[in-house]
There are 2 protein chains.
Amino acid sequence: MARVTFPPALLLALQTAFGTRVSIAAAVREHHGRDESPFDPQLPDAVVFALSAADVITVVQLCAQYRVPVIPYGSGSSLEGHLLAIRGGVSLDVSGMNRVLAINAEDLTATVEPGLTRKALNEALRDTGLFFPIDPGADASIGGMAATRASGTNAVRYGTMRENVLALGVVLADGRLIKTGTRARKSSAGYDLTRLMVGSEGTLGVITEVTVRLYPQPEAVSAAVCAFPSMGDAVQAVIETIQLGVPVARVEFVDALAVRAINRHSKLSLRESPTLFFEFHGTDAGVAEQAQRVQEIAADHHGEDFEWSVRPEDRSRLWNARHNAYFAMLQLKPGCRAVTTDVCVPISRLAECVIETERDLQRSSLPCPIVGHVGDGNFHVAILIDPERPEELQEAEQINQRIVRRALAMDGTCTGEHGVGLHKMGFMLEEHGNDAVSVMRAIKQALDPLNLMNPGKIFD
Amino acid sequence: MARVTFPPALLLALQTAFGTRVSIAAAVREHHGRDESPFDPQLPDAVVFALSAADVITVVQLCAQYRVPVIPYGSGSSLEGHLLAIRGGVSLDVSGMNRVLAINAEDLTATVEPGLTRKALNEALRDTGLFFPIDPGADASIGGMAATRASGTNAVRYGTMRENVLALGVVLADGRLIKTGTRARKSSAGYDLTRLMVGSEGTLGVITEVTVRLYPQPEAVSAAVCAFPSMGDAVQAVIETIQLGVPVARVEFVDALAVRAINRHSKLSLRESPTLFFEFHGTDAGVAEQAQRVQEIAADHHGEDFEWSVRPEDRSRLWNARHNAYFAMLQLKPGCRAVTTDVCVPISRLAECVIETERDLQRSSLPCPIVGHVGDGNFHVAILIDPERPEELQEAEQINQRIVRRALAMDGTCTGEHGVGLHKMGFMLEEHGNDAVSVMRAIKQALDPLNLMNPGKIFD
């Protein structure tokens, strides 16, 4: 896709409006032209550091006037190339818009600026007895998480950004600022613009404000870990747990290779076989009852070494190990980079999907540990490649393609939580069909007729 | 809005395609030209009884060809005039499309045709240990519930149709059939067409298939009822219950007048003061713990006569009384009809909103009992009018307007669960603002350029 010419008059107008908050320095552009994906950087022509919705409006209006793309930038942690300026244009950095605008504890809501990160939000909530549960691995910005419809390990109990964004402020392609909802917990008043914007990856507008749902901090939290002889046994245990209505807060699958990586990295001695990590939230009696229930289910499915921890330090040790799995896995192959897949299938197909994937991976020379948000049917393969060897990237992409096609054939999706970006565009037609994609395109065309809002993402 | 001329050639084409499944009989058109709203009927020109998605496609294509409106019809239970053929056209009755297409118990999903009612779905689920929780008062069709983004008493725990529809089949205005999602529990693959269609009230297409989430039947269910000296005390008890994370399945408010109606109708002797009805789902120990917790909270807020029931017959007696509240209330004024309001506000504003509303209602000569899905901040005033006295309808509408404006001023919505239809159209600009409504219009225009899909609903 050709880069748009960046008119000097636009730069001048931006400099007049924003002074030192506009940068065309190579290092700044470099930093804003990449994300955590394996793609080569593609630099924006300029970066503007916005501090308010008014700033966002000014940038969007000027860019519309000069027909130049706008790419919103939060914390730079997206995984599928969302931030790359493939047509050039302005990277609109909202990381400075990081205020908590309101915490409405009685309503279990908070309204924040898009650049606030999830950890900073939880820090701000510390004294309220409430928390915001959505936890993608990175300390992502709330705006970016809304834009990619992010989730993480807590989604099995608390849902994803789809369920947890109540309302957004969005600057449209023509510079108008809309509010997509109220703070009412539910509404039937017209089209669901909130959910339309959540997951739209900056292609329909720039998010300037996010109202999210909060949850009471559980009175008691406990964790458990359990090894299984096979993936199939582990997944059957999860299916039964969920079908019996045990309200697990987290249930994560880690394959034998990933356990080995975790053991090395976190100095643990977990059995190196397919393993489930659980977390339970509730009352003291409730979490004990949940753990008891899950232990029985696990035993029915040949689970071994069921270890249950209520002490915070033990819980932290286990869950920190799980949370550090990504870095632990990278150490399986020094100097490597991970190409991470992200399919999600109906849970009844998960064992089959992972087992076929494992069989496929065995034919590869690349180390490919697997971790999964197994309660949701979502799993990630970290395909570890040497960034200096293009044939390894190519092999990783082929593996990813086979995994996606396998998931689609099982009524699954090409991306459970990372988004489409550049990386999954090629699967949109296969997943949704021509007609559904044409509906998405019609909406894009209606709201961004000049195709200036993060162009070339989701679809060409 | 002017009625469209109904071309004889279209009738002939429909008769050729559908034979006796097309009707222009006055009684059939009469039945399809009304819903449960207080509006006078507006008859469609013809009614087609569809039995398949192919039938829906044929009707939509023929209507597009002749530029004639299409109004999907499920069970006729909508409350805001959604079904009225204000421009004439074809009522597309999908009540015969009532098959359960798949129950995927392991995945906790079911895929059904749109005409299946919620009770019929639960009947089909009886032996699976699962249930579908969304319960608007009426035995509505699943397609209609999706179209209006319905909810009911269980929403505080299980969410609304927004959270519980995973995917839809939809016939677009040009006759193309799309699928809006997969059976994966979560996805970040492009725009959320499912949530766009949920709540679109037939204005963007005709729903032909719905995949919904199911839940395990709770092992134990218990109920409680508790009277409070004031609305404010009752709401404070609810706020505290939710903020402490007690996972109540239902919590319903009933005001003193509604309690009186319930007592008369269901032969109970509840104290005639503001009252909360609770339902708890969980394990035996869990529901006991929840009830204990709620009883303590209620006591802190001057709750009295806390009555807790685990025996199914006692639970049923209490909750049947609540479920029959609508009919009980109608009996407060023989021969009356109810104009039902449907605002929803952030729960922190609920007491204030209801108390101001009560004060307002005291100035009215009409009986106006109040019931509320109080955990969601949603409440209904049933304004009981004599249908023969237009001045009473007028007064009811004025009351409704004041209630809506009060709710909007508190960051609430004009409709929590009934939808916009004809009745709330006048509030769309006030609630969303010109620009957000113009985005909705742009989407409508992009997907239905001829304005044939349930025209004149949501917005003109």
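Details
- Meets criteria (assigned by TED's automatic domain parsing to the domain that holds residue A:157 and on the phi < 0 side of the Ramachandran plot) for residue A:212: yes
- Search result, residues across segment A:190-200 that are closer than 15 Å to residue B:443 by Cα and at the interface with chain B (Cβ under 7 Å from one of its Cβ atoms): A:190, A:191, A:192, A:193, A:195, A:196, A:200
- Qualifying residue in segment B:327-344 (condition: touching a helix residue (DSSP H, G or I) at 6+ places or on another chain (Cβ under 8 Å), surrounded by fewer than 18 Cβ atoms within 10 Å (Cβ to Cβ), more than 30 Å from residue B:431 (Cα to Cα) and in contact (Cβ under 8 Å) with a residue 12 or more places away in the chain): yes
- Residue count for segment B:144-182 satisfying the condition of being part of a loop (DSSP other than H, G, I, E, B) and either within 24 Å of the chain's Cα centre (by Cα) or closer than 30 Å to residue B:254 by Cβ (or both): 11.
- Tally, over segment A:362-393, of residues that are modelled with pLDDT of 95 or more, more than 23 Å from the chain's Cα centre (by Cα) and not in a loop (DSSP other than H, G, I, E, B): 2
- Helices (runs of 4 or more DSSP H) wholly inside segment B:226-334 that include at least 2 residues being of a type in the set (D, E, K, R) and in contact with an Asp or Glu (Cβ under 8 Å, 6 or more places away or on another chain): B:284-300, B:312-323
- Qualifying positions in segment A:375-421 - within 24 Å of residue B:102 (Cβ to Cβ), more than 11 Å from chain B (Cβ to nearest Cβ) and either crowded, with 24+ Cβ neighbours inside 10 Å or hydroxyl-bearing (Ser, Thr, Tyr) (or both): A:379
- Tabulated pairs, segment A:277-292, first free of Cβ contacts under 8 Å to residues at least 24 places away in the same chain and within 12 Å of chain B (Cβ to nearest Cβ), second outside any helix (DSSP H, G or I) and hydroxyl-bearing (Ser, Thr, Tyr), C-beta under 7 angstrom, 6+ apart or interchain: A:289/B:283
- Residue check for residue A:34: under 20 Å from the mean Cα position of the chain (by Cα) and surrounded by fewer than 20 Cβ atoms within 10 Å (Cβ to Cβ): yes
- Condition met for residue B:218 (assigned to a loop (DSSP other than H, G, I, E, B), under 27 Å from residue B:268 (Cβ atoms) and more than 13 Å from chain A (Cβ to nearest Cβ)): no
- Enumeration of residues in segment B:88-102 that are in contact (Cβ under 8 Å) with a residue 60 or more places away in the chain and farther than 24 Å from residue B:46 by Cα: B:101
- Count of segment A:78-100 residues which are of a type in the set (A, V, I, L, M) and within 13 Å of another protein chain (Cβ to nearest Cβ): 1
- Against the numbered list (1) surrounded by fewer than 20 Cβ atoms within 10 Å (Cβ to Cβ); (2) touching a helix residue (DSSP H, G or I) at 6+ places or on another chain (Cβ under 7 Å); (3) outside any loop (DSSP other than H, G, I, E, B), residue B:41 comes up short only at (3).
- For segment A:425-450, a residue qualifies if it is more than 22 Å from residue B:177 (Cβ to Cβ) and in contact (Cβ under 8 Å) with a residue 40 or more places away in the chain, and the qualifying residues are A:447, A:448, A:449, A:450.
- Any pair with Cβ under 7 angstrom, 6 or more apart, that starts in segment A:23-39 at a residue that is under 17 Å from residue A:385 (Cβ atoms) and ends at one that is β-branched (Val, Ile, Thr): A:38/A:339
- Of everything in segment B:111-134 that is within 12 Å of chain A (Cβ to nearest Cβ) and in a strand (DSSP E or B), the residue that is surrounded by the fewest Cβ atoms within 10 Å (Cβ to Cβ) is B:131.
The values are calculated or read from the model by the stated rules, or taken from the named source; none is laboratory data. Because the structure is predicted, anything quoted here is derived from the model rather than measured. For neighbour counting, all protein chains shown are included, and Cβ atoms are generated from backbone atoms with ideal geometry for every residue, glycine included.
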